[in-house]
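Worksheet: the structure to be examined is printed underneath.
The values are calculated or read from the model by the stated rules, or taken from the named source; none is laboratory data. All values reported here derive from a predicted model rather than from experimental measurement. No Cβ is skipped: glycine too gets one built from the backbone with ideal geometry, and neighbour counts run over all protein chains shown.
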Amino acid sequence: MMHKRVCVIGAGPSGITAVKNLLDEGIEVVCYDRNNQVGGNWIFSEKESHSSVFETTHIISSKTLSQYDDFTFDDFDKTVADYPSHDELRRYFQAYAKHFALYQYIEFETLVVHCNRISNQEWEVTTEKNGVPKTESFTDLVVCNGHHWLPRWPEYSGKFTGEYLHSHQFKKAEPFKDKKVLVIGGGNSACDVAVETSRVSKKTSISWRRGYRIIPKFVFGVPSDVFAKRSNWIPIRIRQVLNGIMMRILLGKNELYGLQEPDTKIGETHPTVNDELLYKLRHGKVHPKVDVDRFDGKTVYFKDDSSEEFDAVIACTGFILTHPFFDKDFLDYSEGDVPLYLKMFHPEYQNLYFVGMFQPLGCIWPGSELQSKIMALELTGKWQRPKNIKQLCEREVTHPHYKQIKTPRHTITVDYGLFRKSLLKYLPKDYVSKKPASQVAEEALL
Ligand SMILES: Cc1cc2nc3c(=O)[nH]c(=O)nc-3n(C[C@H](O)[C@H](O)[C@H](O)COP(=O)(O)OP(=O)(O)OC[C@H]3O[C@@H](n4cnc5c(N)ncnc54)[C@H](O)[C@@H]3O)c2cc1C
Ligand SMILES: NC(=O)c1ccc[n+]([C@@H]2O[C@H](COP(=O)([O-])OP(=O)(O)OC[C@H]3O[C@@H](n4cnc5c(N)ncnc54)[C@H](OP(=O)(O)O)[C@@H]3O)[C@@H](O)[C@H]2O)c1
């Protein structure tokens, strides 16, 4: 087989598992990251950066279902809480990189600026470090640049003249002390941000453009995703109805909290998991509002004809899926369908892989780990992608796991249980490999 030299873009949770699994198969790899450390989104910084987490962020997928098979939380630190904080996660990812001796393969503070596909065996990758450009040649490219960092701003007529920011720029609640704050959105950022600002603000309101079900972090004392996993054997359509009924019994109708009722089943919008929002609403700390209509100075007009003055508006309206290092006419997934088999194989470009570019009802990096293992097997010729790859890519678009509402955030959703099953189909039973590649090589020589 031709010698492979693979470029990985990004050393976040997806990039490090891509590097690890390529090394396990003896493949030459170079990873570039514009940050100065491993961790991607989980490197909190008070300054605006790649990361979109804030001071108090804890994950919404529980640790039981948010760990690599090769390096579990028990392998890292048995005392980690059910829902680790951003800092515990950063340390977990850095411990993974250290354990598998990945640092020597990662070039930090190096931005990938352009990727040019020359042929099925060659990429030209141009990077920039300290303003100095460099172009290198690789056989294959693995994209792990994350999809929660470029803000998607809402558009309204008029201009808001108070403080206007996106959740990507929200770092902590303290600057909003004694201010009147409006948070826009019904996703996890919006609900987390509203809860946080409500602790210090004069008044916090949250504007939803539709009704959402708020899923608690625990059900009957068990993390909700662990609880939900027990019903994975039930077909999705039935599960959606049953889980909807259970949520209604546990929490009651949204109208009890002044919120709009959802007109979707669970999974038809990306789940919002939050234990505090409903409590804050019933304690008068967060005030529900409908969709924004327009801005005029510091006044916000809502679609129910009400209006109110605010000091700050925080748009928690999601992120754009972007790959700025590709020419737009080569590849652009920022809008519309994303036809990739297993969310990683392109229908035509065989030496291009995406790892971690899916939105699970569950956690991203365990899926990235399995994707990486399949990729590494293909690159060493131990596995071949199905011949009908084009049809399979189309099928991912026409047969999604969930029939979600058509809004920009719903183009790469997977049900984690089903996705995992599809990935495992292509892996041997003993796919878990807990030893660093260097140690395995040393032991083989003895
Ligand atoms: C507030 C918040 C909470 C979240 N909570 C959860 C959760 O509970 N569970 C979950 O599964 N997911 C969660 N996510 C989703 C999050 O995207 C994933 O957890 C995870 O970070 C994905 O890992 P990744 O490596 O694919 O991307 P990222 O973590 O975004 O890492 C991408 C890496 O690529 C680098 N990079 C990007 N572009 C370039 C370039 N051009 N050149 C060089 N380097 C580049 C970046 O510096 C970064 O290190 C959350 C997201 C947010 C914003
Ligand atoms: N604690 C945590 O672990 C945590 C915290 C934050 C985020 N996250 C994760 O990070 C990712 C991004 O979450 P996110 O909440 O930032 O974004 P998101 O999931 O894309 O949600 C964006 C929200 O804004 C709404 N919206 C979009 N455009 C709008 C507009 N023009 N006007 C009004 N509303 C608009 C969306 O409505 P529609 O329903 O109509 O699309 C949705 O309610 C998700 O994977 C999420 O789970 C996790």
Residue hits (segment 410-446; in contact with a Leu (Cβ under 9 Å, 6 or more places away or on another chain), over 16 Å from residue 376 (Cα atoms) and within 16 Å of ligand 1 (Cβ to nearest atom)) are 411, 412, 413, 414, 415, 416, 417, 419, 420
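Name the single residue that is farthest from residue 147 (Cα to Cα) among those in segment 363-410 being among the β-branched types (Val, Ile, Thr) and buried (at least 20 other Cβ atoms within 10 Å of the Cβ).
My answer is 374.
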Residue under question is residue 427, and the condition is that it be in contact with a helix residue (DSSP H, G or I) (Cβ under 6 Å, 6 or more places away or on another chain), of a type in the set (A, V, I, L, M, F, W, C) and part of a loop (DSSP other than H, G, I, E, B); does it hold? yes
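So for segment 102-119 (the condition being in a helix (DSSP H, G or I), assigned by the TED database to the domain that holds residue 309 and in contact with a strand residue (DSSP E or B) (Cβ under 8 Å, 6 or more places away or on another chain)), does at least one residue qualify?
Among the residues of segment 102-119, not one is in a helix (DSSP H, G or I), assigned by the TED database to the domain that holds residue 309 and in contact with a strand residue (DSSP E or B) (Cβ under 8 Å, 6 or more places away or on another chain), which makes the answer no.
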Taking segment 6-46 and the residues there that are without any contact (Cβ under 8 Å) to a residue 60 or more places away in the chain and outside any loop (DSSP other than H, G, I, E, B), the one that is farthest from ligand 2 (Cβ to nearest atom) would be 28
Taking segment 62-88 and keeping residues within 9 Å of ligand 1 (Cβ to nearest atom), in contact with a Pro (Cβ under 8 Å, 6 or more places away or on another chain) and closer than 22 Å to residue 145 by Cβ leaves 66
Exception for residue 79 within (1) closer than 22 Å to residue 360 by Cβ; (2) assigned to a loop (DSSP other than H, G, I, E, B); (3) of a type in the set (Val, Ile, Thr) falls at (1)
Matching residues in segment 121-163 (part of a strand (DSSP E or B) and touching a Gly at 6+ places or on another chain (Cβ under 9 Å)) number 4
Residue 185 passes all but one of the listed conditions (1) more than 20 Å from residue 15 (Cβ to Cβ); (2) assigned by the TED database to the domain that holds residue 407; (3) under 26 Å from the mean Cα position of the chain (by Cα); the exception is number (2)
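Hey, among the residues in segment 229-268 that are of a type in the set (S, T, N, Q) and at pLDDT 95 or above, which one's surrounded by the fewest Cβ atoms within 10 Å (Cβ to Cβ)?
For segment 229-268, the residue satisfying everything is 260.
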Scanning segment 14-31 residue by residue, the ones that are touching a Cys at 6+ places or on another chain (Cβ under 7 Å) and not small (Gly, Ala, Ser) total 2
Among the residues of segment 166-174, are any surrounded by fewer than 18 Cβ atoms within 10 Å (Cβ to Cβ), more than 24 Å from residue 318 (Cβ to Cβ) and of a type outside the set (Ser, Thr, Tyr)?
yes
Expected single match for of a type in the set (Phe, Trp, Tyr), surrounded by 16 or more Cβ atoms within 10 Å (Cβ to Cβ) and without any contact (Cβ under 8 Å) to a residue 40 or more places away in the chain among 93, 73, 100 is 73
Output for Cβ contacts, cut-off 9 Å, separation at least six or different chains, first residue in contact (Cβ under 8 Å) with a residue 12 or more places away in the chain and in a strand (DSSP E or B) in segment 347-358, second small (Gly, Ala, Ser) and away from ligand 2 (no atom under 16 Å from the Cβ), reads 353/18; 353/372
